[in-house]
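Since the structure comes first, as structure tokens, the remarks are kept for the end.
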Amino acid sequence: MDMKILVVGGGGREHALADALSRSSNVEIYSVMGKENPGIAALSADVCICKETEIGRVADYAEAHGIEYAVIGPEAPLQAGLADELTARGISCIGPQKAAARLETDKEFCRNLMRDHGIEGCPGYAAFHDPEEACRYIDAHDADLAIKPIGLTGGKGVKIMGEHLDCAGAKDYIREIGGEVVLEERLIGEEFTLMAFVDGTHLVPMPLVQDHKRAYEGDVGPNTGGMGSYSMEDHSFPFVTDADKNRAFSIMEKVIAALNAEGLPYVGFLYGQFMNTTDGPKVIEFNARFGDPEAMNLLALLTSDFAEILVKMASGTLTPADVSFAPQASVCKYLVPEGYPDAPQKGQRLRIGDYGNAKLFFANVTLTDGEYYTQTSRTLAFVGLGDTLAEAEVQAQRAAESVKGAVRYRRDIGTQEVLEKRISHMRDIR
């Protein structure tokens, strides 16, 4: 009999989750999403269209269909307590319960946890709940600061003084969002992401990957949910030493141990975003789920049985021997509507041509009468794989070029030129 697994969420990340599960043996996929994702729907035995935060409705659906395991993609249902409700109904959940998910959903909680448990890599910070108090703190500091809303912002709410805002603009922004902020020292260096499978106690790391948040080529423009990402064939980066990587993983292990010490066991995917500085990696943030787009890179490289990994995560028996990735590079390029992120053109028809051997993942797109149409967020993504970064980038680029319509993408993601800039910058600061 097939194992019934529920995928919660309707974006590119969740299409990647469903795709990885479809490569597993003896799995029947069910899905819950706010809007139908044609890629996920095609892989599912049944689909429920509802808000992923309608906890009771999602749990009722899971019970009615005999779901054994649920994989939660987005952060909002984690914050709403979906994992708690599913667990209470006897359904094994891959995604932390609400209190542990505060590692992502409450930046003040995350920083205090690191501080209270003496975990290295925590930048200097101060949390505020009053806008004027936060503004006075800015006035008292000469150095630039990172302004981070305490709650969820979909990866778009962080503003950096000296990069996005001047001092006056920073204070205006704090007042605009109501003063619920964490103000942190501005970190200088190169970002990288390390994700891990977590079974409550044990962590198994995944290849390093780097996202590109800025909307336009050359890393300029407003922040987005992510315009694309890449990983290298050796699963590391030339600007990250083995010591850097080991330190980042150690920080993540200590965070999970700290949660356990607080009585908050964590089962799910842990996303660690780090800034590699002159003093080694420091934590930008943690996410309590797979990154989007990074999930598409990493799950495309996964060679072990994804369903078996989930089962062992849920049972607390995961080991490194259970997880393997292809020794290849990956490049993910997101196509977004013209005008994204400020004024995306919705309802524009797309034509997807021959995209070769690249993997296609649908995100915020509709399928009507056999035609695809853009919506208001990221539309679809292609992942290219290759024995080298150059091979993977060419594959992803050719696939992106196959799409005709009112969409755009960043041509520079995964290119040697961008990589060399990262290497040069890290060499300069160290």
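The values are calculated or read from the model by the stated rules, or taken from the named source; none is laboratory data. Every value quoted in this text rests on a predicted model; they were computed, and no experiment measured them. Cβ placement follows ideal geometry from the backbone for every residue including glycine, while neighbour counts extend to all protein chains displayed. Quick note on the areas: whole protein, heavy atoms, side chains included, nothing else; ligands and nucleic acids left out. Shrake-Rupley method; radii C 1.70, N 1.55, O 1.52, S 1.80 Å.
Some points to look at:
- Picking from residues in region 117-140 that are without any contact (Cβ under 8 Å) to a residue 40 or more places away in the chain and on the phi < 0 side of the Ramachandran plot, the one that is surrounded by the most Cβ atoms within 10 Å (Cβ to Cβ) is Arg136.
- Hits in region 162-185 (condition: in a strand (DSSP E or B) and within 24 Å of the chain's Cα centre (by Cα)): Val181, Val182, Leu183, Glu184, Glu185
- Arg111 being basic (Lys, Arg), out of contact with any helix residue (DSSP H, G or I) (no Cβ under 8 Å at 6 or more places or on another chain) and open to solvent by 40 Å² or more (accessible area, probe 1.4 Å): no
- Considering the conditions (1) among the hydrophobic types (A, V, I, L, M, F, W, C); (2) open to solvent by 50 Å² or more (accessible area, probe 1.4 Å); (3) over 17 Å from Gly39 (Cβ atoms), Met426 is excluded by exactly one of them, (2).
- Matching strands (runs of 3 or more DSSP E) fully within region 365-423 where at least 3 residues are more than 22 Å from the chain's Cα centre (by Cα): 365-368, 371-374
- Boolean, Arg136 is touching a Phe, Trp or Tyr at 6+ places or on another chain (Cβ under 7 Å) and within 24 Å of Ile284 (Cα to Cα): no
- Residue in region 215-225 that is open to solvent by less than 30 Å² (accessible area, probe 1.4 Å) and assigned to a loop (DSSP other than H, G, I, E, B) present: yes
- Among the criteria (1) in contact (Cβ under 8 Å) with a residue 24 or more places away in the chain; (2) open to solvent by 50 Å² or more (accessible area, probe 1.4 Å); (3) charged (D, E, K, R), the one Glu14 does not fulfil is (2).
- The one condition from (1) touching a residue at least 40 places away in the same chain (Cβ under 8 Å); (2) over 18 Å from the mean Cα position of the chain (by Cα); (3) open to solvent by 10 Å² or more (accessible area, probe 1.4 Å); (4) on the phi < 0 side of the Ramachandran plot that Pro205 does not meet is (2).
- Being of a type in the set (D, E, K, R) and under 17 Å from Glu338 (Cβ atoms) holds for only one residue in Lys404, Lys421, and it is Lys404.
- Considered as a group, the residues in region 57-82 that are small (Gly, Ala, Ser) and touching a residue at least 24 places away in the same chain (Cβ under 8 Å) include one that is farthest from Gln97 (Cα to Cα), and that residue is Gly66.
- Residues located in region 29-42, provided they are touching a residue at least 12 places away in the same chain (Cβ under 8 Å) and crowded, with 18+ Cβ neighbours inside 10 Å: Ile29, Tyr30, Ser31, Val32, Met33, Asn37, Gly39, Ile40
- Within region 141-161, restricting attention to residues that are part of a loop (DSSP other than H, G, I, E, B) and of a type in the set (A, V, I, L, M, F, W, C), the residue that is surrounded by the most Cβ atoms within 10 Å (Cβ to Cβ) is Ile150.
- Some residue of region 343-366 being surrounded by fewer than 20 Cβ atoms within 10 Å (Cβ to Cβ) and under 30 Å from Arg186 (Cβ atoms): yes
- Checked against (1) at pLDDT 95 or above; (2) more than 18 Å from Gly291 (Cβ to Cβ), Ala329 passes all but a single condition, namely (2).
- Within region 304-338, tally of residues that are open to solvent by 10 Å² or more (accessible area, probe 1.4 Å) and either touching a Lys or Arg at 6+ places or on another chain (Cβ under 9 Å) or among the β-branched types (Val, Ile, Thr) (or both): 7
- Exactly one residue among Ala300, Ala248, Ala307, Ala257 is outside any strand (DSSP E or B) and in contact with a Cys (Cβ under 9 Å, 6 or more places away or on another chain), and that residue is Ala300.
- For region 44-138, the helices (runs of 4 or more DSSP H) that sit wholly inside it and include 3 or more residues that are closer than 22 Å to Gly263 by Cβ and in contact with a strand residue (DSSP E or B) (Cβ under 8 Å, 6 or more places away or on another chain) are 82-88, 107-116.
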